[in-house]
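Please read the structure below before turning to the comments.
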Amino acid sequence: MRCPLVCHLLFFLPAWTLEALAADPSAREMCYHSCQISLEPPRFNDTDPASPRFAQSCLSRMKSVSLYLCLEVYCRGEYQTEGLSSLNRTCLDNALPPLPPFDIIVNYTDDVISGLRYLQRDEAVYTTILGEVVVPSERLFNLSYRTQVITTAPSRSDGQPRG
C-alpha cells in the first residue's frame, strides 16, 4: 500500500514546523498548545492531587518549567510566551498564584536540557505521576501538533477533511 501525500508531509513536519511558526500566527498558537497538550495528562507531584487539573498548571513549578522548556525546544523565537498570557490570566482569575517568569529556565542550557527525561507518548496519560521536570519527546510533540492540524483543518463541502 502506498503512503498518501499526507504521510510524506507528516514525516517532514519537524523540518517545516519552525518555518510555519514564523509565517503563521495560528501555527505559533498551535506550537504553544502542542506543548500544553503534551504535558496535560501527567500529574506533577509538587501539587495537591485533589486540586483541579487547571489549577495544577498554575501551582506546579515542575509543570511550568516543563512547559517553558517545551516552548524553548520546539517554539523558538519571540512568540514562545504568546500563549502563556492566557494561562496566567486563568490562574489570576481563579485566585491562584501567577505563573513564574519565563526566565526561570535561563540556567537550562542545551546540555542540561538534553540530559532531562523526555516524556514519551505512552507516558502522556492521566495515570502518570511525575516527580521531575520533563520535556515532551519530539514524537509526542509532533503527535500533539499533527492532532491539531487534523482537527482544525477546514472541511470540504462534502464534509471530508482537506488533505
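Which of the residues spanning segment 110-148 are at pLDDT 95 or above, hydroxyl-bearing (Ser, Thr, Tyr) and farther than 20 Å from Asn45 by Cβ? Within segment 110-148, Ser114, Ser137 qualify. Selection of segment 103-130 for residues being part of a strand (DSSP E or B) and either touching a Leu at 6+ places or on another chain (Cβ under 7 Å) or touching a residue at least 60 places away in the same chain (Cβ under 8 Å) (or both) yields Leu119, Ile129, Leu130.
Here Pro101 meets each of (1) surrounded by fewer than 18 Cβ atoms within 10 Å (Cβ to Cβ); (2) closer than 22 Å to Pro42 by Cα with one exception, condition (2).
The values are calculated or read from the model by the stated rules, or taken from the named source; none is laboratory data. Computed from a predicted structure; not experimentally measured. So basically every Cβ, Gly included, is an ideal-geometry build from the backbone, and we count neighbours across all protein chains shown.
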